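S.K.: One structure follows; several queries about it will come next.
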Amino acid sequence: MPPVRIRERGKAKKGTMKRLIKQLFKLYPFRLTLVLICLIFNVFGNISSSVFVSLVTNALTASGISGTNPFVDVYTMKSTFGFMMTTNVTYLLIILGCIYFVGIFASWGWNRTMAIITQSFLNDFRKKMFSHMQDLPIKYFDTHAHGAIMSLYTNDIDTIRQFISQALPSLIQTGMVSLFVFVIMMSTSVWMTLVILGGFFIMLGVVKGVGGKSSHYFIKQQATLGKVEGAIEESMNGLKVIKVFSHEEKSCEDFDVLNEELRNYATKANIHGNIMMPVMGNIGNFLYILCGIMGALIYVLGLNNLSASGYAPITSAEQFAGIIALFLMMSRMFANNVNQFSQQIIFIVQGMAGASRCLDLIDEVPEKDDGYVYLCNIKKHEDGTFEETTEHTHDYAWKHLHKDGQLEYRELKGDILLDKVDFSYDGKKLVLEDVSIYAHPGQKIAFVGATGAGKTTITNLINRFYDIADGKIRYDGININKIKKADLRKSLGIVLQDTNLFSGTVMENIRYGRLEATDEECIEAAKIANAHDFITRLPEGYNTYLSGDGSNLSQGQRQLLSIARAAVADAPVMILDEATSSIDTRTEKLVQQGTDQLMEGRTVFVIAHRLSTVQNSNAIMVLDHGHIIERGTHDDLIKQKGVYYNLYTGAFELE
């Protein structure tokens with residue numbers, strides 16, 4: 001088998017954010033537009049409220065000087081921005097209340113809509129990942145750690161959730177607020193705005209330094225978290241082995257090493273992440289003080305103030321109070337806004353790294369299938385002819401549409417030929433070399449040999465889990481590359497050494513072999529596999545619910561269900577890969593009777609270490625390091641007194 005690769009999280013690929021946002025707008029254009037509108041109103045409301053507070057301050061200051069009633073009398077005064085305006089405090093307060101109301105409604109709107117978008121997007125994203133994963137070749141799963149693949153649907157998807165629901169709105173809001181605030185500050189005082197810009201570059205330096213290290217350690221934390229989860233999963237799967245060999249202490253030591261690594265990265269990540277807010281907050285406080293000092297110097301020294309109204313001195317205390325009040329509010333809002341965004345940098349980095357890994361799965365090239373020959377059910381007539389039918393008739397034919405448009409039907413017989421086949425997993429070292437095998441319809445072909453000799457690899461090539469490097473494999477005279485993979489595999493019934501049962505009833509697990517099978521057909525298949533007796537003794541018979549890969553059944557019972565599943569598939573060709581390895585000798589005899597009935601009229605490939613199960617084979621292939629070194633019937637090979645004879649008589653042990 002090819003080596004398993006474990007890919008750790010690293011930096012996100014370039015363009016990941018653009019691609020993710022593009023998918024969001026493609027799926028939810030109306031809702032995202034609504035979010036942007038709500039964010040604009042929310043930002044406008046927050047900033048406008050500060051402006052109106054400044055106007056109210058000006059009105060009240062003017063009232064204190066003239067001695068009039070600010071809540072009733074109308075005033076004509078010069079605003080902070082330099083233009084003349086006529087208003088009173090009551091009118092300003094009403095407008096301010098309306099602005100706050102609009103801001104609250106907009107905030108509720110974008111938060112609610114964003115929550116819907118986030119969960120809907122993740123739902124669609126998971127479906128897309130899972131659906132695409134079904135189309136990936138077996139090689140992908142052989143070369144990627146299963147724990148790492150599972151992590152995509154948990155940890156990495158969660159980082160995308162944090163990015164979409166928190167970081168992305170904060171990024172948009174920060175951009176809007178910074179733009180509006182910068183325009184207002186430039187319109188109020190260019191000199192004090194330069195102070196803010198200086199502080200802004202200092203903040204950027206802090207974000208780049210502290211935030212960069214924090215992001216680095218958070219990514220390391222996520223990578224180590226995947227290792228810890230993989231170790232826990234491995235320990236749970238091998239719990240019995242751990243206890244049998246009293247390996248608990250060593251298992252704890254191995255886990256402690258990974259857990260300590262996780263603690264180390266998590267501590268460093270949180271230290272750098274947690275100091276970001278107080279550092280940025282104190283920089284903002286210093287900017288607040290510096291702006292006040294700069295404004296006071298401009299007024300006390302009688303310097304000209306450069307703003308939207310022009311280059312002119314501050315002529316009155318009222319004008320100075322309005323400028324200072326508004327600008328200090330803006331500087332505080334600007335600093336808080338940058339500080340708040342700095343807290344989202346971690347989510348952005350993690351989200352992009354997680355999205356990059358998930359998109360890597362989606363970008364994996366699906367299993368290539370250029371086949372154009374299909375499998376169909378046929379109905380035979382007395383004169384030997386047949387026709388295609390939609391009914392399940394236990395008879396099949398290959399439906400071959402030629403390039404010239406001619407349609408040909410070829411009855412499925414189960415004639416399989418491997419002609420000088422070479423195969424390599426990595427393209428360098430040959431696992432099979434010059435292998436030639438033929439199996440006529442109804443024949444039973446057995447493969448024996450040491451572990452790693454290439455027995456299972458041959459069956460993987462027949463069902464095209466992997467494609468050969470050289471040679472030909474023909475099925476009823478048709479090159480299997482021309483047959484649609486789904487139809488090819490539908491014609492092959494497979495019983496593996498490692499059984500896999502799914503959460504569901506016994507009946508549902510048997511029906512997994514052919515979803516349209518009736519209850520009666522499933523029961524008949526269970527009888528063929530000699531599983532019917534033990535099933536009827538279960539608490540609810542065929543309706544007994546199985547969970548945890550059938551953990552409430554014995555290994556032999558699970559294997560019997562696997563054989564019943566193959567029986568109900570009613571495939572013309574059967575592949576039995578150590579199908580009886582988990583069954584005791586007595587049960588094996590019963591199963592052998594059932595499989596003999598199951599194999600009747602079918603082409604069968606058997607992989608077995610128990611040579612007693614292959615004695616009645618039409619041909620036995622002895623493999624060694626990818627080569628067929630002996631072939632013949634049981635009696636022929638015994639007479640040769642070669643490798644098979646030594647295996648059968650136990651003259652030496654397989655290494």
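The values are calculated or read from the model by the stated rules, or taken from the named source; none is laboratory data. Every value quoted in this text rests on a predicted model; they were computed, and no experiment measured them. Methodologically, a virtual Cβ is constructed for each residue, glycine included, from the backbone with ideal geometry; neighbour enumeration extends over all protein chains shown.
S.K.: Do we find that V257 is among the β-branched types (V, I, T), closer than 17 Å to I348 by Cβ and part of a helix (DSSP H, G or I) in this structure?
M.R.: No; evaluated as a whole, the condition is false for this residue.
S.K.: Say we look at region 345-368 and pick out the residues that are at pLDDT 85 or above and charged (D, E, K, R); which of these is farthest from T159 (Cα to Cα)?
M.R.: K368
S.K.: If you don't mind, another one. Picking from S235, S246, S215, S309, which residue would you name as being crowded, with 17+ Cβ neighbours inside 10 Å and at pLDDT below 80?
M.R.: Sole residue among the options that is crowded, with 17+ Cβ neighbours inside 10 Å and at pLDDT below 80: S215.
S.K.: Name the residue, out of I314, I283, I293, that is at pLDDT below 70 and out of contact with any Ser or Thr (no Cβ under 7 Å at 6 or more places or on another chain).
M.R.: After applying the criteria, what remains is I314.
S.K.: Give the residues of region 227-245 that are over 13 Å from N259 (Cβ atoms), of a type outside the set (V, I, T) and either touching a His at 6+ places or on another chain (Cβ under 8 Å) or part of a helix (DSSP H, G or I) (or both), sorted by residue number.
M.R.: The answer is E233, E234, M236, N237, L239, K240, K243.
Rundown of residues vs (1) more than 30 Å from D124 (Cβ to Cβ); (2) assigned to a loop (DSSP other than H, G, I, E, B); (3) not charged (D, E, K, R), yes/no style:
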{"site": "R332", "(1), (2), (3)": "yes, no, no"}
{"site": "M352", "(1), (2), (3)": "no, no, yes"}
{"site": "D370", "(1), (2), (3)": "no, yes, no"}
{"site": "C376", "(1), (2), (3)": "yes, no, yes"}
{"site": "E388", "(1), (2), (3)": "yes, no, no"}
{"site": "T393", "(1), (2), (3)": "yes, yes, yes"}
{"site": "K399", "(1), (2), (3)": "yes, no, no"}
{"site": "G405", "(1), (2), (3)": "yes, yes, yes"}
{"site": "L418", "(1), (2), (3)": "yes, no, yes"}
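S.K.: Being outside any loop (DSSP other than H, G, I, E, B) and either in the same structural domain as H392 (by TED's automatic domain parsing) or surrounded by fewer than 13 Cβ atoms within 10 Å (Cβ to Cβ) (or both) is the filter here; which residues of region 480-525 pass it?
M.R.: Those that are outside any loop (DSSP other than H, G, I, E, B) and either in the same structural domain as H392 (by TED's automatic domain parsing) or surrounded by fewer than 13 Cβ atoms within 10 Å (Cβ to Cβ) (or both): A486, D519, E520.
S.K.: Oh, and also: Confirm whether V606 is surrounded by 23 or more Cβ atoms within 10 Å (Cβ to Cβ), modelled with pLDDT under 90 and either in contact with a helix residue (DSSP H, G or I) (Cβ under 6 Å, 6 or more places away or on another chain) or within 16 Å of N530 (Cα to Cα) (or both).
M.R.: Criteria not met by V606.
S.K.: So for region 85-93 (the condition being out of contact with any Cys (no Cβ under 6 Å at 6 or more places or on another chain), surrounded by fewer than 18 Cβ atoms within 10 Å (Cβ to Cβ) and modelled with pLDDT under 55), does at least one residue qualify?
M.R.: Looking for residues that are out of contact with any Cys (no Cβ under 6 Å at 6 or more places or on another chain), surrounded by fewer than 18 Cβ atoms within 10 Å (Cβ to Cβ) and modelled with pLDDT under 55, one finds at least one in region 85-93, hence yes.
S.K.: OK, next. Name every residue in region 391-439 that is at pLDDT 85 or above and among the polar types (S, T, N, Q), in order of residue number.
M.R.: Hits for region 391-439 are S424, S436.
S.K.: Take G550 and decide whether it is touching a Lys or Arg at 6+ places or on another chain (Cβ under 6 Å), buried (at least 16 other Cβ atoms within 10 Å of the Cβ) and on the phi > 0 side of the Ramachandran plot.
M.R.: yes
S.K.: Separate question: I'm checking my understanding of the structure. Among residues of region 421-440 that are exposed (fewer than 15 other Cβ atoms within 10 Å of the Cβ) and either within 40 Å of the chain's Cα centre (by Cα) or outside the structural domain of I478 (by TED's automatic domain parsing) (or both), which one is nearest to I480 (Cα to Cα)?
M.R.: Restricting to residues being exposed (fewer than 15 other Cβ atoms within 10 Å of the Cβ) and either within 40 Å of the chain's Cα centre (by Cα) or outside the structural domain of I478 (by TED's automatic domain parsing) (or both), the top hit is D434.
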